[in-house]
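The values are calculated or read from the model by the stated rules, or taken from the named source; none is laboratory data. Being a predicted model, the structure only gives us computed values, none of them experimental. Note: ideal-geometry Cβ built from the backbone for every residue, glycine included; neighbour counts use all protein chains shown. Accessible surface areas use protein heavy atoms only, side chains included; no ligands, DNA or RNA. Shrake-Rupley method; radii C 1.70, N 1.55, O 1.52, S 1.80 Å.
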Amino acid sequence: MTDKRLQNILDKLDEAYGTEKKMYLEYNTPWQLLFATILSAQCTDARVNIVTRDLYKKYDSLEKFAAASVEEMEKDIHSIGFYHSKARNLIACARKLLSDFNGEVPSDLESLLSLPGVGRKTANVIRGNIFDMPSIVVDTHVKRITKKLGLTESDDPVKIEFELMEILPKDHWILWNTDLITLGRTICIARREKCDICFLREDCPSAKV
């Protein structure tokens, strides 16, 4: 991997998708983004947005989430994968935010990881999008396309996160996730890549052209 090839990739991503932060999950408050991100695991953002539009009307405060029953919450999010565990996590997370953090979403990684249902991916989404802290989010698109671009040989999201931290400029850490999500949904689609129209094909060792 040469610095020139990486810079070419970044320049082309900037040209195609811009340099403004994007968020595909809909939210109005930090805790709404946190809960939407918890719900998004193994689920599409589009489905999460459909569910949360009604969910955040019914439960318009952390107090209402904290007071909800698991059975009722399961009914409210039943169309989302793993809704049993996610229902429990949303309620437990709301309670912990109220009891330990005065109802505020914390910014430091250790505190975020202490919340039920929050792993590194979710924590980095919050740090990058709510608090403007340089953070790298490694989801399935990032893992797959980063590997195709020859920027990692690993399948471990945490290892990939730290490898990308070594080579990407900090102003592209959060952008790397949203750019590769867009690329992965439109061009570098799993199992049916459109390499012939991909603007990164000249810099991608996996391109089939």
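List the helices (runs of 4 or more DSSP H) that sit entirely inside the stretch 96-209 and contain at least 1 residues that are without any contact (Cβ under 8 Å) to a residue 12 or more places away in the chain and touching a helix residue (DSSP H, G or I) at 6+ places or on another chain (Cβ under 6 Å). It would help to see each step written out before you state the result.
Working: elements: 109-113, 120-129, 140-148, 157-167, 173-186.
Hits in the stretch 96-209: 109-113.
Given the residues Ile80, Ile9, which is the only one that is open to solvent by less than 70 Å² (accessible area, probe 1.4 Å), farther than 25 Å from Ser114 by Cα and in contact (Cβ under 8 Å) with a residue 24 or more places away in the chain?
Among Ile80, Ile9, only Ile9 is open to solvent by less than 70 Å² (accessible area, probe 1.4 Å), farther than 25 Å from Ser114 by Cα and in contact (Cβ under 8 Å) with a residue 24 or more places away in the chain.
Checking the conditions here, which among Leu90, Leu115 is open to solvent by less than 20 Å² (accessible area, probe 1.4 Å) and in contact with a Gly (Cβ under 9 Å, 6 or more places away or on another chain)?
Values: Leu115 fails: in contact with a Gly (Cβ under 9 Å, 6 or more places away or on another chain).
Being open to solvent by less than 20 Å² (accessible area, probe 1.4 Å) and in contact with a Gly (Cβ under 9 Å, 6 or more places away or on another chain) holds for just one of Leu90, Leu115, which is Leu90.
For the stretch 12-58, what are the residues that are over 21 Å from Gly184 (Cα atoms), open to solvent by less than 50 Å² (accessible area, probe 1.4 Å) and free of Cβ contacts under 8 Å to residues at least 12 places away in the same chain?
Thr29
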